[in-house]
Structures are given as structure tokens and as C-alpha cells.
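Undergrad: Here's a structure for you.
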Amino acid sequence: RLRLVPAIASLAQRASLDMTWLQKLEDLEESGLCGVRVQSLRRFEAEPNSGKEGSVQWQQTMGSMTLTCPLVQGNLKEEDVVVQASMCQLQVLVQNKPLAGLNGMLYGTVLPKLCAWRLERVAARRMTRGIDEAYQRTTLHIQLAKRGHRSWPQLWYAKEMKHPAARSGYAWTPAMEAAQDTAERTELVPLHQGVPQREREGGGLLFAPDDLCIAVDTLQDAKSMTLRVHFDAEALEVAQRIVPLEELLAADVLEDRVSIFLQCDPQNPILWATLSGRCDPKESSWSMSTCDRFRDRQQNSGAPGHALAIVLTKQKESRGVWEQPFALCLQHPLMLKNYDELADVSEALRADQEDATQSARLSPEQRKDLQRRLAEWSEERFELMPGAKLLPRSPEVGWALRDEEEY
């Protein structure tokens, strides 16, 4: 058996750290070639996790719903299939006819721009009038990205009342009537064929940890320790419009260390730490929860706080409350806490430059004051977890994880 623990420590100290090596270790572990135990957390399990309604089979996680339906029509091309969805409705046409079992109001709501479909073709054989013949079995796969991080008890909305997402609000004034977005919520749009591309407007990196994270903390008892990553509610909502939560967050757990990171930025972890004791990786679990401990750090303190909670089960010989949760903790910088000041000043100067009407422009004194405030502005970030070490971010190679003795 291969003993890879020293190799793990060596990998972690490299200047260019690739977090996906843990997935390779997990494959080795499953094949019985590796003595290291590792858990890669990528999906949030939902109950029920699967079901069948007519000819449609479905599987779900907290962030997605995958539908599978065999197509009886032969020799179908992608041009023969039209898959459309609104926030609350799914419509599938095959050769301009509705496909039975795949048309109706969905139980929950989805993000159509993040949904996709594809056809799968498999060579098979069948008996036709006593003759064994070859044919092509075609299956339609539809991936729905849920709008909310929750479980659906069923696929379709079965109540007699109108779907909540399709209802119009009560408009008491013309302004309220104009603000109605019912048409937008119920408009059917074609879904992406194949694998959808997740991208931020303007291109570049989707998100970095300091775009979203406002705090990290820990809780523990004699048998377990919980790591919590707290997010700004408004920033997390913006992120979920671009990429499903399950394609955004990730965590890798070993017996003596843990890494929490964004899948779009794996070389810059939110937190990378060696534990003070040892845990059982295969007993690790994670979930999204609400927590108000750092609510005052949010841009909108009135919004509920959201946190990713990772529960580590301590090994029998490591049970008890650890004096310190980590032997070494390296943490990404957190969100700016004075960003609003920068945004306000920058917006005022930008509006002044774009406004052609002299009456609305700033006076020379006002403009000079704003320019001074912009020049004097310096970033202030939320405090790290007690005992954590800050690593400056390197845009070329990510975090420079050097020898532990340096910290």
C-alpha cells in the first residue's frame, strides 16, 4: 500500500497549489491503492433524492433537478427537439408536438439561463415482428438549476391555485403596475443545449472569496467541530444568478486538514488549515444554514445571514474539546467593510463627468473634496478568525504556501 501522507504535506507547501489533487487521492482510495482517507464535498444532498413520474425519472440535490426521459421517436435530431422554460414552467416539444410527461408547472422555481438539455444516443437491439434488429435508443436529459437552495418533494406543481411565481401582485398605483414582472417570470425561453457556460459579464474570474465572505468561525464539542463560512446575503444572491451554489462552493477534508474554496478559484482557498486533532473524513457533512452572528457585517444588515456549515466528526482518540481548533490556519482576506464609501465617491465623480447639464454638476469645491476623499481612501477589511494567518493573494500562482515553520 502506498503511504502518501508525506507527499500530501509536500504538495500543500508548493508555491502553486492545485486543490484538485484531493480528488485524485479520493480515486486512489476507492481503488484500494492509497492509505489516505479523503472526502471531497461538492453536492448538497436532498430528500427525496430521486423519483419517477410517468416515463420521467428525476434526481435532485438542493441546487439542481435532473430529468431523464426516453424518446420513442426514431432518428431524432437536436433540431427536432425544443426545450423551453420559464421561472416556474417547463415545456418540451418533439417534432412540434408536446412530449407527454414533460410539460407543466414545476413544483419550485428555476433559473432558465442556467438550465440545459442534451440528447443521449446508445446503440441497442430489439425484436420487431420476430426479427432481431439494431436501433438507436435516444434519451432526453434536462438539467434544471433551482432558484432556491431547497428540496422539492415532487417534480410538478399539483395545487389548483395558480403557481405562486405566476401570480400578479396587487398594484394600487400606475407605478406599481409598471413594476410588475409577471410577464418576465412566466416567459418561456429556450434552454441551452449541451453544457452551459458560467461566466461573469465582461469575462474574467467568476468570483474570489473576498467578493462573498464576511467571516469564518468554529464551534466544537467533544465529538465534533463545525466550520462556518459566513456570506454577505446580497453578494451570494448575485453569485447564484450566475452559477448554481453547488458549482460555486467546495471543501476537501482529510484526517488532519481541511480546505474550503470556490470551485472557480481553487488555488485561493477561503480557508486552508491543519487540525489540532484528527477527524474521520467519511463522516464529514456540509449544509447551508442561516446564522445572524455576523449579520452586522452585511451590506444589508436587515437580510438574513447565510453560512456554509461543515461538520467534522472527531476520531475516537481525538475526542474532547481542543484547546485550539487548528495547528495552522491560513485564510483568504475577507470582504471590504468600507466598500460603500469608495462606491459612493466613485459614482458621484462618474455622474459628474457624464452629466452635460451645468446645473446638475458638482461645484469645484465639491469635486475637489470628492477627489481628495478618493485619493485618501484605503481598504479596510473584516477581521480574520483569531489565530489565522493572512496570505497575500498572488494573481499569477494563487497562494504561496511555504514551509509551515515560517508561520
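Undergrad: Evaluate the following for residue 262: is it touching a strand residue (DSSP E or B) at 6+ places or on another chain (Cβ under 6 Å), over 15 Å from residue 330 (Cβ atoms) and at pLDDT below 95?
TA: no
Undergrad: Cβ-Cβ below 6 Å, separation at least six or inter-chain, first residue in segment 58-72 and closer than 17 Å to residue 121 by Cα and part of a strand (DSSP E or B), second open to solvent by 40 Å² or more (accessible area, probe 1.4 Å) and of a type outside the set (Val, Ile, Thr): which pairs?
TA: Within 6 Å, the pairs are 68/57; 69/55.
Undergrad: Now, a different point. Given the criteria at pLDDT 95 or above and among the acidic types (Asp, Glu), does residue 340 qualify?
TA: In short, no.
Undergrad: OK, next. Which residues, taken from segment 249-277, are assigned to a loop (DSSP other than H, G, I, E, B), surrounded by fewer than 22 Cβ atoms within 10 Å (Cβ to Cβ) and under 15 Å from the mean Cα position of the chain (by Cα)?
TA: 263, 264, 266
Undergrad: Can you tell me which condition residue 220 does not meet? The list is (1) surrounded by fewer than 23 Cβ atoms within 10 Å (Cβ to Cβ); (2) touching a His at 6+ places or on another chain (Cβ under 8 Å); (3) not basic (Lys, Arg), and all the others hold.
TA: (2)
Undergrad: While we're here: Can you find even one residue in segment 312-331 that is open to solvent by 30 Å² or more (accessible area, probe 1.4 Å), farther than 30 Å from residue 259 by Cα and either at pLDDT 95 or above or part of a loop (DSSP other than H, G, I, E, B) (or both)?
TA: No.
Undergrad: Next up: Could you grab me the full set of residues in segment 155-183 that are surrounded by 10 or more Cβ atoms within 10 Å (Cβ to Cβ), modelled with pLDDT of 65 or more and assigned to a helix (DSSP H, G or I)?
TA: Answer for segment 155-183, where residues must be surrounded by 10 or more Cβ atoms within 10 Å (Cβ to Cβ), modelled with pLDDT of 65 or more and assigned to a helix (DSSP H, G or I): 164, 165, 166, 182.
Undergrad: Another question, if that's okay. So, of the residues in segment 290-311 that are in contact (Cβ under 8 Å) with a residue 40 or more places away in the chain and in a strand (DSSP E or B), which turns out to be surrounded by the most Cβ atoms within 10 Å (Cβ to Cβ)?
TA: Only one residue fits best here, namely 308.
Undergrad: With respect to the numbered conditions (1) in a strand (DSSP E or B); (2) surrounded by 14 or more Cβ atoms within 10 Å (Cβ to Cβ); (3) modelled with pLDDT of 90 or more; (4) out of contact with any helix residue (DSSP H, G or I) (no Cβ under 6 Å at 6 or more places or on another chain), which one is the sole condition not fulfilled by residue 137?
TA: Residue 137 satisfies all of (1) in a strand (DSSP E or B); (2) surrounded by 14 or more Cβ atoms within 10 Å (Cβ to Cβ); (3) modelled with pLDDT of 90 or more; (4) out of contact with any helix residue (DSSP H, G or I) (no Cβ under 6 Å at 6 or more places or on another chain) except (3).
Undergrad: Looking at segment 193-210, which of its residues are at pLDDT 80 or above and open to solvent by less than 80 Å² (accessible area, probe 1.4 Å)?
TA: 194, 207, 208, 209, 210
Undergrad: Let me ask something else about it. Being closer than 27 Å to residue 312 by Cα, out of contact with any His (no Cβ under 8 Å at 6 or more places or on another chain) and outside any strand (DSSP E or B) is the filter here; which residues of segment 39-54 pass it?
TA: Once the filter is applied, which keeps residues that are closer than 27 Å to residue 312 by Cα, out of contact with any His (no Cβ under 8 Å at 6 or more places or on another chain) and outside any strand (DSSP E or B), segment 39-54 yields 42, 43.
Undergrad: So which residues in segment 348-407 are in a loop (DSSP other than H, G, I, E, B), open to solvent by less than 70 Å² (accessible area, probe 1.4 Å) and modelled with pLDDT under 70, if there are any at all?
TA: Across segment 348-407, the qualifying residues are 355, 394, 397, 398, 399, 400, 401, 407.
Undergrad: Criterion first (open to solvent by less than 10 Å² (accessible area, probe 1.4 Å) and modelled with pLDDT under 95) does residue 234 satisfy it?
TA: Taking the combined requirement at face value, the residue does not satisfy it.
Undergrad: I would also like to ask the following. I want to confirm something. Restricting to segment 29-48 and keeping residues that are within 19 Å of residue 284 (Cα to Cα) and open to solvent by 50 Å² or more (accessible area, probe 1.4 Å), which single residue is modelled with the lowest pLDDT?
TA: 30
The values are calculated or read from the model by the stated rules, or taken from the named source; none is laboratory data. Just so it is clear, the structure is predicted and the values come from calculations on it, not from any experiment. All Cβ positions, even for glycine, are placed from backbone atoms using ideal geometry, and neighbour counts span all protein chains on display. For accessibility, only protein heavy atoms count, side chains too; no ligands or nucleic acids. Shrake-Rupley method; radii C 1.70, N 1.55, O 1.52, S 1.80 Å.
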